[in-house]
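Heads up: the structure comes next, in structure tokens.
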Amino acid sequence: MSEKKGKEEKTKKGFGNLSRRDFLKDAGLVIGGTTVGSMAFTSGAQAQHKSEADKTSETLAQCSEDTITIELTVNGGKYRLRVEPNWSLRQLLRDETGLTSPKDWCGGVGACGSCTVIMNGRPVLSCLTLACECDGAVIETAEGIAKEKHPIIDSYIKWNAFQCGYCTPGFVTSAKALLDRNPDPTEADVRDALGGNLCRCGTYQQHPKAVLEAAQVLKGAKS
Ligand code: FES
Ligand code: FES
């Protein structure tokens, strides 16, 4: 065997034998290197980059185990679940907790917003969130929003802000997250907050009306 051929075979064999854990460890090194490489600005930015790099390393270390057990709160209920490192949060919610409101329209590439859930107060795409990153997280899905009888549900019904309803859980969670952080949004705020959600039935005109009315109902309930 020639030296060149021997080298090629060794390289191929090396990749073939690479375990998921080794791969993630290597990926962590690459990501860490990239982050450190971008630390060329102010000291504040450096500190922020460093803490993000630390967080990324922690996440990758956690996600590099074959399976791990995480604890999280979903719609007020406590869960302790074993997760595979390649599971998405969407998969975890649908398959392990039976909450099927996070949908998949775009094939899980972060393009449609139909899988949106609220995680620690912020709307996130559950198809692009690794389940192993969610230890200790507080998650809210459309089921939880309906269960707490949030006015956004009635206003969506009143304004016919859906047709087939497939995209609706994603819109409702994005809208609820907006109202949690901004109880008095403008129409532009609503359009901005829902900008990542797509609807193939084309109900876009109705969403701002529904969300603005829910804001009014919430304000009335508080006054
Ligand atoms: S399934 Fe489309 S953004 Fe998540
Ligand atoms: S209501 Fe059908 S996809 Fe939005």
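Derivation of every value follows stated rules applied to the coordinates shown; laboratory data play no part. What you see is a predicted model; the values in this text were computed from it and never measured. Note that we place each Cβ from the backbone using ideal geometry, even for glycine, and neighbour counts take in every protein chain shown.
For a test of the definition: using alpha carbon positions, the gyration tensor, and the 1.5 limit on a/c, classify segment 113-223 as rounded, prolate or oblate. Cα axes put segment 113-223 in the oblate bin.
For a label point 7 Å from the Cα of Asp66 along Cα→C-beta, name the residues of segment 72-111 whose backbone N is under 19 Å from it. Of the residues in segment 72-111, 81-87 have backbone N under 19 Å from the label point off Asp66. Stretched out straight at 0.36 nm per residue, the stretch from Asp192 to Glu96 would grow longer than its current Cα-Cα span by 31.3 nm. Neighbours of Ala142, meaning other residues whose beta-carbon lies under 12 angstrom from its beta-carbon, give a summed charge of 0 when Lys and Arg score +1 and Asp and Glu score -1. Sparsely packed loop sites in segment 68-150 (the trypsin sites (Lys or Arg not before Pro) outside DSSP H, G, I, E and B with at most 12 other Cβ atoms within 10 Å) comprise Lys149. Estimate the FRET efficiency between Tyr204 and Ala111 by the formula 1/(1 + (r/R0)^6), using the beta-carbon distance for r and 22 Å for R0, to the nearest 0.05. So, using R0 = 22 Å, E works out to roughly 0.85. Taking Lys and Arg as +1 and Asp and Glu as -1, the other residues whose beta-carbon sits under 9 Å from that of Ile118 total 0.
Once you reduce segment 115-142 and segment 177-218 to the center of their Cα atoms, the two points are 20 Å from each other.
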